[in-house]
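I have placed the structure first, in the form of structure tokens, so that the comments after it can refer back to it.
The values are calculated or read from the model by the stated rules, or taken from the named source; none is laboratory data. Here the structure is a predicted model, which means the values were calculated and not measured. Because the Cβ atoms are built from the backbone with ideal geometry, glycine has one as well, and the counts that use them run over all protein chains shown. Calculation scope for accessible area: heavy atoms of the full protein, side chains included, ligands and nucleic acids excluded. Shrake-Rupley method; radii C 1.70, N 1.55, O 1.52, S 1.80 Å.
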Amino acid sequence: MASASLKLSIALTCALLLSSACHGLQVGYYKKSCPRVEAIVRDEVKKFVYKNAGIGAGLIRMFFHDCFVEGCDASVLLDPTPANPQPEKLSPPNFPSLRGFEAIDAAKDAVEKACPGVVSCADIVAFASRDAAYFLSRMTVKINMPAGRLDGRISNFTEALSNLPPPFFNITQLIGSFAAKGLDTEDMVVLSGAHTIGVSHCSSFVSDRLAVPSDINTALAGILRRQCPANPTAANDPTVHQDVVTPNALDNQYYKNVLAHKVLFTSDAALLTTPATTQMVLDSANIRGLWEDKFKKAMVKMGAIGVKTGNQGEIRRNCRVVNRY
Ligand code: HEM
Ligand SMILES: *[C@@H]1O[C@H](CO)[C@@H](O)[C@H](O)[C@H]1NC(C)=O
Ligand SMILES: *[C@@H]1O[C@H](CO)[C@@H](O)[C@H](O)[C@H]1NC(C)=O
């Protein structure tokens, strides 16, 4: 009886607050069980990001790619095995472009030394992306990231393809792809601002942005045509900066680039194809601090997608393989 009424009150609180608490996620979740976990992860991420800012970009993208496929459950980290030869990791949205796996391994190793078997890989991905955002924003984007996620046992190539939006999506498709995960149009516009850092392979934009007429800025198109082959192949697929102005700074420059038509993807340019999203771009470009504030909230919201509870998940010992019993 008591447990039924507790469940009811949690359900009511969730309906009222629509908060991450609904998934059992909490800020400071490991305060008792592993008090130093967030500091340990931050120190590892710091080493990697200061050596190579691109790893920080990879970690922020990894959180997105984890959460959109099977929920935020570290399914993106699972390596191929004879039983599951085609995990998410090998799917085109992730392979060969997704990076930062070694930073997660290092963080997990350090965390396991301090508190074995306590902290999920899904939470390490969430903390690591938060820390990457902190360092790449020169300590301005400080996210209070709730935790308490479990690690999944399913990782499926096809699901990554069908759940992650490709760069040629138009605005309707982008909104639909985020809505399918409980994120609204503004979340989509705000999270796209992560394209203010990192790189893209030429193959992600040459065919729909350079090979055919597009609204891309003429000067940028000229530079990209010199950097990219006309027909990128696996053997010849260079990378270029996403944000040509401040390539390694997590800031609102992305929105200024969108307005100047200096962005790589159809999906970036698509933000100017409806009045509502255009206004959001203008606000994030022009109002100081607005984007950073919205980004923090949207990252937390993204981090609550499809979180697993009870026997749906486990605390993986090694982030690359499911536990054996
Ligand atoms: C709105 C739909 C989105 C599309 C269509 C999209 C697509 C892409 C593509 C095609 C790349 C380049 C991959 C490559 O060729 O190397 C990329 C890179 C990146 N994306 Fe997105 N993305 C989207 C949303 C997001 C979100 C929500 C985040 C994070 C919050 C994000 C963060 C990043 C980052 C940081 C990179 C650079 C990665 C690196 O340098 O390793 N993207 N994205
Ligand atoms: C992966 O997911 C697809 C689509 O949901 C499903 O048809 C397929 O059987 C799954 N593959 C594996 C190996 O479970
Ligand atoms: C977006 O793409 C879909 C699928 O190709 C198409 O049906 C739709 O008309 C397009 N919408 C816009 C706004 O271009």
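Quickly work out the Thr233-to-Asp43 label distance, labels modelled 7 Å from Cα along the C-beta direction, and quote it in nm with one decimal.
4.8
Which shape class, rounded, prolate or oblate, goes with region 200-251 when its Cα gyration tensor gives a ≥ b ≥ c as root eigenvalues, a/c under 1.5 marks rounded, and past that a/b bigger than b/c marks prolate?
oblate
Per-residue ellipticity at 222 nm for the chain, helices alone: DSSP H runs ≥ 4 residues times -39500 (n - 2.57), over residue total, nearest 500 deg cm²/dmol?
-13500 deg cm²/dmol
Given an 8 Å cut-off on Cα distances and at least 6 residues of separation, report the relative contact order of the chain as a percent.
25
Dipole size in debye (nearest 20) for the chain around its Cα centre, Lys and Arg Cβ +1, Asp and Glu Cβ -1?
Charge dipole, the chain, about its Cα centre: 680 debye, nearest 20.
Rounded to the nearest 0.05, what FRET efficiency do Arg36 and Asn318 have when you use their Cβ-Cβ distance and R0 = 30 Å?
Efficiency, rounded to the nearest 0.05: 0.90.
Between Arg225 and Ala83, what is the spin-label point distance in nm, taking each point 7 Å from the Cα along the Cα→C-beta axis?
Output for this residue pair reads 5.3 nm.
List every residue whose amide H lies under 5 Å from the amide H of Val199, counting only residues 5 or more places away in sequence or on a different chain, with H placed 1.01 Å from N in the peptide plane.
Sorted by chain and number, the residues that satisfy this are Gln242.
Just add up the charged neighbours of Glu112: K/R +1, D/E -1, any other residue whose Cβ is under 14 Å from the Cβ of Glu112.
Its environment carries a net charge of +1.
Give me the percent of the accessible area of the chain that comes from carbon and sulfur atoms, probe 1.4 Å, all protein chains in place.
Within the chain, the accessible surface is 58 percent carbon and sulfur.
Quick one: how many lysine pairs in region 171-301 have C-alpha atoms under 25 angstrom apart, if they're 8 or more apart or on different chains?
10
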